[in-house]
Amino acid sequence: QQQVKQSPQSLIVQKGGISIINCAYENTAFDYFPWYQQFPGKGPALLIAIRPDVSEKKEGRFTISFNKSAKQFSLHIMDSQPGDSATYFCAASILTGGGNKLTFGTGTQLKVEL
Amino acid sequence: GAVVSQHPSWVICKSGTSVKIECRSLDFQATTMFWYRQFPKQSLMLMATSNEGSKATYEQGVEKDKFLINHASLTLSTLTVTSAHPEDSSFYICSGKGNIGYGYTFGSGTRLTVV
């Protein structure tokens with residue numbers, strides 16, 4: 001019930017292309033869905049997050065699409081750049097009375113090639 | 001934005017010694033601090049959750065006597081790895097969450113190597 005499944009495990013995209021990473025969850029009590037970017041040797045940094053009352057959120061080149069009925073959400077990186085090469089984690093938590101623990105996906109290693 | 005300062009960024013210690021890792025929330029009050037460990041090319045594994053002034057809650061399989069967590073103030077939490085062994089070598093990351101807003105702010109991580 002607490003699992004968050006993430007795919008693909010790795011992704012290679014050409015510069016300027018669109019990177020798409022998908023996540024699926026099982027626990028319908030989750031009410032906060034963030035995406036994190038992590039560079040080697042660093043802690044994760046919040047990219048963008050969404051609550052289940054909206055289907056899409058966009059911040060710059062990053063967009064979250066959320067499908068509540070399918071229990072899926074995805075990250076789209078538009079105009080991907082070599083500097084976007086990093087590991088991306090989706091996560092989910094129960095913010096309201098749920099202890100606030102983040103459940104992480106398994107991660108996606110993104111490489112953006114020139 | 002919210003910042004969590006984590007120190008040290010890396011540490012090498014001898015087997016059998018103890019190591020303390022500090023996390024400070026610089027511009028917010030971290031009512032809850034989460035501690036993770038991460039192995040190479042793997043996801044973050046939650047070790048424990050601590051609320052300020054309370055005993056930490058450890059995840060299943062995490063030895064509470066080995067990984068001592070203190071969260072005595074709203075701006076400081078520490079993780080002490082006691083009697084460290086080579087298998088404790090890992091990347092340890094803290095994450096603070098305050099009552100205001102939804103965000104979880106992560107520290108920059110500590111690379112622990114036990115030799």
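Every read-out reported here was derived from the displayed coordinates using simple, explicitly stated rules and does not represent laboratory data. Being a predicted model, the structure only gives us computed values, none of them experimental. In this analysis, Cβ positions are derived from the backbone assuming ideal geometry, glycine residues included, and neighbour counts consider all displayed protein chains.
How big is the stretch B:1-110 by the Kirkwood estimate over distinct Cα pairs, in Å? Let's see the in-between values first.
Working: mean 1/r = 0.0719 Å⁻¹.
Computed over the stretch B:1-110, the radius equals 13.9 Å.
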Legend entry - trypsin sites (Lys or Arg not before Pro) restricted to the stretch A:32-114 and DSSP loop, no more than 13 other C-beta within 10 Å: A:Lys68
Inset, instruction - Name the residue farthest towards the positive end of the dipole of the protein assembly as shown from the options B:Phe106, B:Ser50, A:Ser85, assuming +1 on Cβ of Lys and Arg, -1 on Cβ of Asp and Glu, about the Cα centre. - result: A:Ser85
Legend entry - Cysteines without a disulfide-compatible neighbour (Cβ-Cβ under 4.7 Å), the protein assembly as shown: B:Cys13
Legend entry - Karplus (6.51, -1.76, 1.60) ³J(HN,Hα), θ = phi - 60°, over the stretch A:67-79, in Hz, Gly and Pro reported as x: 10, 5, 5, 8, 6, 9, 8, 9, 10, 10, 10, 7, 6
Legend entry - Derived scalar couplings ³J(HN,Hα) [the stretch B:105-115; Karplus, 6.51 cos²θ - 1.76 cosθ + 1.60; whole Hz; x for Gly, Pro]: 9, 9, x, 7, x, 10, 8, 9, 10, 9, 10
Inset, instruction - Neighbouring Cβ atoms within 10 Å as the yardstick, rank B:His85, B:His71 fewest first. - result: B:His85, B:His71
Legend entry - Under Karplus coefficients 6.51, -1.76 and 1.60, residue-wise ³J(HN,Hα) of the stretch B:38-52 in Hz, glycine/proline x: 9, 8, x, 6, 10, 7, 7, 10, 5, 9, 7, 10, 10, 9, 3
Inset, instruction - Kindly give Rg over Rh for the protein assembly as shown, based on alpha-carbon atoms, with the Kirkwood expression for the hydrodynamic radius. - result: 0.97
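Please report the orientation-averaged projected area of the stretch B:1-45, defined via the convex hull of its C-alpha atoms, in nm². Write out the running numbers ahead of the final one.
Numbers: hull surface 18.4 nm².
Over every viewing direction, the Cα hull of the stretch B:1-45 projects on average to 4.6 nm².
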Inset, instruction - Give me a single rounded figure for A:37-46: the average over its residues of other chain Cβ atoms within 10 Å of their Cβ. - result: 6
Inset, instruction - Excluding residues fewer than 8 places away in the same chain, name every one of the lysines whose C-alpha is closer than 27 Å to that of A:Lys58. - result: A:Lys5, A:Lys15, A:Lys42, A:Lys68, A:Lys71, A:Lys101, A:Lys111, B:Lys97
Inset, instruction - Quick one: which residues, 5 or more positions from A:Gly105 or on another chain, have an amide H under 5 Å from its amide H? H modelled 1.01 Å from N in the peptide plane, none for Pro or chain starts. - result: A:Cys90, A:Ala91
